[in-house]
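Working notes, beginning with the structure itself.
The values are calculated or read from the model by the stated rules, or taken from the named source; none is laboratory data. These numbers were taken from a predicted model, which means no experiment stands behind them. Quick reminder, even Gly has a Cβ in these numbers, built from the backbone with ideal geometry, and neighbours come from all protein chains shown. The area values use the complete protein model at the heavy-atom level, side chains included, leaving out ligands, DNA and RNA. Shrake-Rupley method; radii C 1.70, N 1.55, O 1.52, S 1.80 Å.
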Amino acid sequence: MKEYNNGLIRTNDKCIGCNKCVSTCPVVGANVSLVVNGHPTMAVSEDKCIHCGKCIRTCNKGAREFIDDTEEFFKAIYSDMKVSLIVDPAFYLIYGSEAGNILGYLREQGVYRIYDGGYGAEISAYLHATYIRNRKQDQNTATILNYCPAVIKYVEDHVPDMLDQIIPIQSPVMCTAIYVRKYLKDNSALAYLGPCPSKKDEMIDTGNVISYNVCIRNLMTKLKDVTFEECNHEDDLKAIGLGALSTLRGSFGYMIDRLIPKEMLSVKNEHIDRGFFDFIKASSSNGGYGASYYDLIACDVSCLMSAGVDIPFDKYSDLNRKIYDLRGKNLDSLNGYGTCDENYARVEKFFTEIDPDDFARSYQSTYRQMSQVPEDTCEAIFNSMYKDTETKRHVDCGSCGYNTCREMVEAIAYGYNRMENCIHYMNDELLMRYYTDDLTKIANVEGFKANVTRLYEQNPGKEYVIGVVSLNQLNLINDLYGFSLGDAYIKKAAEIAVRFTKDIGTAGRLAGGEFLICFENTPENMDAAYKATTYSFSDINVSFPLSFRAGLYLDRFRDETMEAMINYASLARDKIEEDGVSTILFYDNELQEKLAAEAMVTSQMYAAITKMEFVPYYQPQYSHKEQRIVGAEILCRWIKRDGSVISPGLFIPIFEKNGFIKTLDKYMWEQAFISAMNYQKDAFHRIPVSVNISRISLNEDDFTDTIRTLFKRYPIDPEYLHFEITESAYSSRQDIVSRKVNELREMGFKVAVDDFGSGYSSLNILKDMPIDILKLDMGFFRGRNSENGQIIIRNVVSMVKELSLDIISEGVETAEQAEFLRHVGCDIIQGYLYARPMPATEYEKLIRKEEEDMTSSRYENEMKEKGVFY
């Protein structure tokens with residue numbers, strides 16, 4: 001990766017990436033937008049930066065700083081190295097009478113000689129004026145003064161075709177250095193004290209005649225704790241005219257103006273960029289618009305506002321007034337009043353001894369050709385920034401730091417900037433993220449709602465179908481293939497949803513493997529929906545074809561909210577069992593009634609258990625052999641306070657779905673323990689009761705602990721309480737089920753398998769499960785092949801007897817069924833033929849009556865004639 005922040009101007013850790021530096025910088029690409037450790041920052045590209053320091057003055061966070069030679073300068077003088085100091089006129093102007101005390105202190109620290117840089121400004125102004133006067137005959141070609149090193153670097157780096165228009169004369173500082181070195185014979189190392197960090201570039205480009213660039217700001221920071229004493233300091237070389245004011249805005253050009261004819265006008269400018277140099281070229285080719293030369297500086301106002309000094313803007317005006325007072329006094333010196341020719345003759349005479357060739361300067365192009373950004377690249381960047389209209393492409397607000405959106409796009413193409421620095425892009429991006437699903441890149445719920453709303457507005461006369469679609473077997477795919485492939489599966493499904501709704505509606509992702517669709521209600525579209533059965537995903541190495549469950553809601557009247565329609569479709573989807581087959585179900589009145597009933601049941605279930613509306617009912621179990629009741633199954637009935645009854649067929653499935661069945665189970669177990677304890681005390685009622693354990697409760701970790709706690713609270717003889725577990729509970733996690741059943745049996749309770757034969761049973765239950773009783777479901781009698789069912793029952797009864805298990809037939813409804821069961825050896829019968837489930841009071845009366853009637857032969861004869869008991 002390309003290194004940044006390794007030049008004279010650098011970014012520190014205070015940067016927040018606000019783009020102010022971009023807006024003030026004259027060079028595109030000098031500021032590079034980066035993200036470092038998650039934080040935005042604007043780094044400096046040394047390849048592009050001209051070291052003008054404008055960004056340092058602009059940044060209100062203190063995030064930009066410059067590098068100079070202050071520390072090296074002090075190391076040199078403290079090591080007894082002979083070092084002389086050239087002092088920029090700016091230093092004298094800023095510190096006034098205190099300047100002498102500061103310079104006296106530096107002399108005490110080891111500085112050899114001190115020279116006023118204003119002297120070199122007078123030499124440089126004289127030689128610049130000479131060059132301009134000699135080119136009088138070629139006034140159509142404007143020239144540029146060599147005064148600001150940042151301007152020279154800009155031309156060398158970025159507009160080399162303008163190099164021949166820069167006057168080939170050294171700047172004021174370098175003229176001072178050359179004069180000191182050649183004419184004063186000072187061979188010591190030279191240091192420059194001034195306001196400009198970019199002077200270092202000039203020193204390097206001119207052969208390092210000056211070794212140290214010491215900026216005023218850094219010098220005074222280093223000496224902040226020093227108390228400067230009064231001293232009689234005298235410079236070893238002093239400016240004698242306007243050179244002492246050359247740092248002031250336009251003063252260097254003003255010095256030259258006094259030495260050339262008035263018709264040779266100058267233009268002064270503090271703003272440089274490619275556009276201004278194009279203006280100079282255009283003005284030259286069109287007669288120069290009357291300008292003979294351009295006095296350009298990179299700093300705002302003057303060198304006194306450079307990055308190397310620390311003068312607040314509000315104090316600059318006071319300083320400026322003092323300086324203009326000084327200008328009037330200095331006009332009486334070398335550059336005194338008079339005509340331009342008189343002034344020039346006076347200066348020429350003063351500098352007769354110097355050789356102009358000693359102060360000549362050449363310039364070297366360091367320009368690197370930048371490839372032009374292809375139009376299709378700009379087009380792609382514009383589109384990726386959601387700037388897809390001409391209006392959006394010409395917002396040109398400047399908040400990114402660039403003048404136009406086009407400049408910003410080109411900077412992005414070059415790698416200087418990032419789209420995130422465009423506030424309009426970020427607003428659009430945030431809006432897009434708000435409406436877009438991260439994984440699939442299609443609309444999310446909010447985006448789907450917005451798209452449907454727009455669809456409705458554009459098509460007021462059409463009917464639409466809102467759907468919620470869930471992928472089948474997504475959890476299995478995640479388990480088998482991993483979440484990465486599961487995500488690929490979801491993305492592929494999103495593509496299918498978008499493809500299905502293309503031109504007829506819209507699609508979005510709800511969550512996980514759930515999608516939202518909206519399409520026009522037409523016979524063709526509905527036919528396509530019902531034909532969408534499965535899709536192959538072999539291209540992503542998933543062997544499972546995609547199938548789905550889709551709940552649909554037909555919006556005929558547009559009188560429902562979007563949330564309500566999605567909810568209706570979702571409720572319809574929830575009514576579909578996940579069986580690997582694509583299924584569609586519409587939300588209709590029948591489903592609405594079922595859902596309303598579910599809502600009623602759910603809303604009242606907690607209050608019902610508090611009010612003890614769940615009542616134990618007892619269905620007797622009758623023995624043919626003993627001709628009496630030998631047990632009873634405790635069933636739950638919901639009887640409300642007003643006497644109305646809610647069917648178990650309604651509330652049990654709902655409780656199993658919402659988990660309330662666990663609470664109801666615990667309540668019914670406790671009622672069973674209480675019943676067993678009470679009947680155990682009554683000689684007439686010492687008959688066992690059984691109670692159901694739902695599959696959901698059986699899978700709870702604390703199941704056996706709950707039973708054990710009830711057993712301690714109600715210390716019954718376990719012979720009088722049996723537990724029934726449905727056959728389906730054994731179909732999964734058999735090892736865990738077996739362990740829990742064994743724990744019940746170890747407590748002394750008998751365990752029955754309920755509804756054996758109601759599903760696709762496995763004989764492994766009889767082989768592997770630790771059970772005591774098998775309850776045979778009468779489903780074998782139903783259907784066309786009842787004879788086959790009788791064969792199965794006969795053999796099951798035979799097997800159960802050989803396994804030494806008790807067997808009970810439940811659901812017996814006819815005398816023929818009862819007789820067949822008695823004949824094959826199934827002695828205990830439970831069903832409507834003998835008794836329906838009844839309240840505890842009726843059950844107790846029935847047992848008492850049975851005991852009384854058993855003593856009567858009349859009762860026995862009657863039973864033999866009827867073959868039934870009740």
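Within the range 658-675, residues that are open to solvent by 40 Å² or more (accessible area, probe 1.4 Å) sit with their Cβ atoms under 7 Å from residues that are in a helix (DSSP H, G or I), at 6+ positions apart or across chains, in these pairs: Asn658/Thr602; Lys662/Ile696; Lys662/Ser697; Thr663/Ile609; Lys666/Thr706; Glu670/Leu710. Evaluation of Asp539 against the conditions (1) under 18 Å from Val468 (Cβ atoms); (2) out of contact with any strand residue (DSSP E or B) (no Cβ under 6 Å at 6 or more places or on another chain); (3) open to solvent by 50 Å² or more (accessible area, probe 1.4 Å) shows that the sole unmet condition is (1).
Quick one: in the range 451-467, which of the residues that are surrounded by fewer than 17 Cβ atoms within 10 Å (Cβ to Cβ) and in contact (Cβ under 8 Å) with a residue 12 or more places away in the chain is nearest to Leu554 (Cα to Cα)? Let's see the steps before the verdict.
First, the residues of the range 451-467 that are surrounded by fewer than 17 Cβ atoms within 10 Å (Cβ to Cβ): 453-454, 456-463.
Add one more test, that the residue is in contact (Cβ under 8 Å) with a residue 12 or more places away in the chain, and what stays is 453, 456, 459, 462-463.
Working: Thr453: 15, Tyr456: 14, Asn459: 16, Lys462: 11, Glu463: 8 Å.
Applying the filter and picking the extreme gives Glu463.
When Glu633 is tested against (1) out of contact with any helix residue (DSSP H, G or I) (no Cβ under 9 Å at 6 or more places or on another chain); (2) modelled with pLDDT under 95, just one condition goes unmet, and that condition is (2).
If you go through the range 631-651 and keep only what is among the β-branched types (Val, Ile, Thr) and either part of a helix (DSSP H, G or I) or open to solvent by 30 Å² or more (accessible area, probe 1.4 Å) (or both), you end up with Ile639, Val645. Scanning the range 742-772 for residues that are open to solvent by 30 Å² or more (accessible area, probe 1.4 Å) and at pLDDT below 75 turns up Ser758, Gly759, Tyr760, Ser761, Ser762, Leu763, Asn764.
Hey, among the residues in the range 542-574 that are among the hydroxyl-bearing types (Ser, Thr, Tyr) and either free of Cβ contacts under 8 Å to residues at least 12 places away in the same chain or assigned to a loop (DSSP other than H, G, I, E, B) (or both), which one's least open to solvent (accessible area, probe 1.4 Å)?
Quick first cut of the range 542-574, residues among the hydroxyl-bearing types (Ser, Thr, Tyr) only: 543, 547, 553, 561, 568, 570.
Filter again for either free of Cβ contacts under 8 Å to residues at least 12 places away in the same chain or assigned to a loop (DSSP other than H, G, I, E, B) (or both), leaving 543, 547, 561.
Numbers: Ser543: 94, Ser547: 2, Thr561: 81 Å².
In this case the residue turns out to be Ser547.
Ala291 falls short on exactly one of the conditions (1) open to solvent by less than 30 Å² (accessible area, probe 1.4 Å); (2) within 15 Å of Cys55 (Cα to Cα); (3) at pLDDT below 70, and that condition is (2). The criterion of at least 2 residues that are surrounded by fewer than 21 Cβ atoms within 10 Å (Cβ to Cβ) and assigned by TED's automatic domain parsing to the domain that holds Cys299 is met, among helices (runs of 4 or more DSSP H) falling completely within the range 1-84, by 70-78. Count of the range 72-95 residues, restricted to those that are touching a residue at least 40 places away in the same chain (Cβ under 8 Å) and within 23 Å of Cys196 (Cβ to Cβ), is 16.
Please report, ordered by residue number, the helices (runs of 4 or more DSSP H) entirely within the range 378-468 with at least 3 residues that are closer than 30 Å to Asn567 by Cβ.
Values: elements: 390-393, 405-414, 423-435, 445-458.
Where helices (runs of 4 or more DSSP H) fall fully within the range 378-468 and carry at least 3 residues being closer than 30 Å to Asn567 by Cβ, they are 423-435, 445-458.
Determine if the range 575-585 includes at least one residue that is in contact with a Lys or Arg (Cβ under 7 Å, 6 or more places away or on another chain), open to solvent by less than 60 Å² (accessible area, probe 1.4 Å) and over 30 Å from Leu480 (Cα atoms). Among the residues of the range 575-585, not one is in contact with a Lys or Arg (Cβ under 7 Å, 6 or more places away or on another chain), open to solvent by less than 60 Å² (accessible area, probe 1.4 Å) and over 30 Å from Leu480 (Cα atoms), which makes the answer no.
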